[in-house]
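Visitor: My questions will all concern the structure given below.
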Amino acid sequence: MQAIRNFFRAAWSSAEKLDGQTVLITGANTGIGKETAIDLAKRGAKVIMACRDMEKAQAAVKEVIETSGNENVVCMKLDLADSKSIREFAEAINTGEPKLNILINNAGVMVCPYGKTADGFEMQIGVNHMGHFLLTHLLLDLIKRSAPARIINVSSMAHTWGSINLDDINSEKSYDKKGAYSQSKLANVLFTRSLAKRLEGTGVTTYSLHPGVVQTDLWRHLTPTQQVFMKVVSPFTKNSVQGAQTTIYCAVEPSLEKESGGYYSDCAPANCSEAGKDDDVAQKLWELSCRMLSITWE
């Protein structure tokens, strides 16, 4: 019943402006990423849309500019399944941008067939967690210099069904696509929590969130039976505009300025799973991620 009440309650809205601020959104050429870009562009921010498919990205940039009336919108190539691409992208941002006030780690893959990234990671943990972990690490000095600043990780309620398999993070011993997706979304929550502690006193705050059950391209890997089920429940799902609201809330809501590390849903604080509060696992995941990415991040 609570979910139904949340769905039908009045939408959150804010007149907060972002004039003079720079926002970076991964996976911004479609779905909630694009709607987030439109909203933040309307608020006056410079918006950098980080996308893998540049043809789709350029079309999305045109739409964001036309819809928002803000011409300070650009797209740049970023493939989160390839650490070389991530490093090249981060280098371009660090040398080309004087500030980065809001980083939105939005891109993701969902319940896809088994595959590996260019670095040999299982695709869902590789893109959804490792790619954003590395990107955030590489951009963090710029973000700190831009404080007050925010880092937002788009997770999912699917994290509540997940666990972190530290002994087989890449699902090489056995692969369940739903389990691997849930693991990656739990990793987003734990990463947010760990990052908040490391950023205390810097003026940089972090947030993870569940956007809702949103009608997006992420559904493309669902089985035919699951596709039918989603059509049946679609009246109770969110469109991309509705699905973007909690991301936007975490990006601009003034009352969150002193909050960090929390989990949000329906534009309000929400309870994550007990696994999402496990600081011991969070620390082990942090250390494992650093080893796998060959980075040093205390």
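None of the figures in this text is laboratory data; all of them are computed from the coordinates on show. Quantities reported herein were computed from a predicted structural model and do not represent experimental measurements. So basically every Cβ, Gly included, is an ideal-geometry build from the backbone, and we count neighbours across all protein chains shown.
Visitor: For the chain, give the share of DSSP beta bridges that are antiparallel, in percent and rounded to the nearest 5; count only bridges with both residues there.
Guide: Close to 10 percent.
Visitor: Sorted from fewest to most neighbouring beta carbons within 10 Å, what does the list 83, 163 look like?
Guide: 163, 83
Visitor: If neighbour count is taken as other Cβ atoms inside 10 Å, put 280, 119 in order from fewest to most.
Guide: In increasing order of surrounding Cβ atoms, one gets 280, 119.
Visitor: While we're looking at this one, here's another question. Treat each spin label as a single point 7 Å out from the Cα along the C-beta direction, and report the residue 176 to residue 200 distance in nm.
Guide: Distance between label points: 3.6 nm.
Visitor: Under the Karplus relation 6.51 cos²θ - 1.76 cosθ + 1.60, θ = phi - 60°, what is the ordered set of whole-Hz ³J(HN,Hα) values for the stretch 130-145, x standing for Gly and Pro?
Guide: In residue order, the calculated couplings are 4, x, 6, 4, 5, 4, 4, 4, 6, 9, 5, 4, 5, 5, 4, 5 Hz.
Visitor: What distance in nm separates the two pseudo spin-label positions at residue 92 and residue 15, each 7 Å out from Cα along the beta-carbon direction?
Guide: 3.8
Visitor: For 210, 137, 132, which order do you get if you count the other beta carbons within 10 Å of each Cβ and list the fewest first?
Guide: The fewest-first ordering by Cβ neighbours comes to 137, 210, 132.
Visitor: Something else about it: I need the calculated FRET efficiency for the pair residue 298 and residue 56, taking r as the beta carbon distance and R₀ as 51 Å, to the nearest 0.05.
Guide: After rounding to 0.05, the efficiency reads 0.85.
Visitor: Going by a ≥ b ≥ c, the root eigenvalues of the Cα gyration tensor, does the stretch 37-104 fall in the rounded group (a/c under 1.5), the prolate group (a/b larger than b/c) or the oblate group?
Guide: Judged from the Cα gyration tensor, the stretch 37-104 comes out oblate (a/c at least 1.5, b/c at or above a/b).
Visitor: Can you tell me the relative contact order of the stretch 17-292? Whole percent, Cα pairs under 8 Å, sequence separation 6 or more.
Guide: 18
Visitor: Given H placed on each backbone N at 1.01 Å, which residues far from residue 100 in sequence or on other chains put an amide H within less than 5 Å of it?
Guide: 146
Visitor: Report the GluC sites (Glu not before Pro) located in the stretch 48-100 that are in a DSSP loop and have at most 15 other Cβ atoms inside 10 Å of their Cβ, or state none.
Guide: Here the GluC sites (Glu not before Pro) that fit, given the DSSP loop and packing criteria, are 71.
Visitor: Fully extended, how many nm does the chain gain between residue 168 and residue 257 (0.36 nm per residue separation, minus their Cα-Cα distance)?
Guide: Going from the current span to full extension adds 28.3 nm.
Visitor: Shape verdict for the stretch 75-189, please, from the Cα gyration tensor: rounded (a/c under 1.5), prolate (a/b greater than b/c) or oblate.
Guide: Note, shape of the stretch 75-189 comes out prolate.
Visitor: Can you compute the charge dipole magnitude of the chain about its Cα centre, using +1 on each Lys and Arg Cβ and -1 on each Asp and Glu Cβ, nothing else charged? Give it in debye, rounded to the nearest 20. Mind showing how you got there, number by number?
Guide: Values: 32 positive and 33 negative charges, 91 e Å.
Result for the chain is approximately 440 debye, rounded to the nearest 20.
Visitor: So, one more: Indicate the gyration tensor shape class of the stretch 1-130 (rounded, prolate or oblate), computed on the Cα atoms with a ≥ b ≥ c the square roots of the eigenvalues: a/c under 1.5 is rounded; otherwise a/b larger than b/c is prolate and the rest oblate.
Guide: oblate
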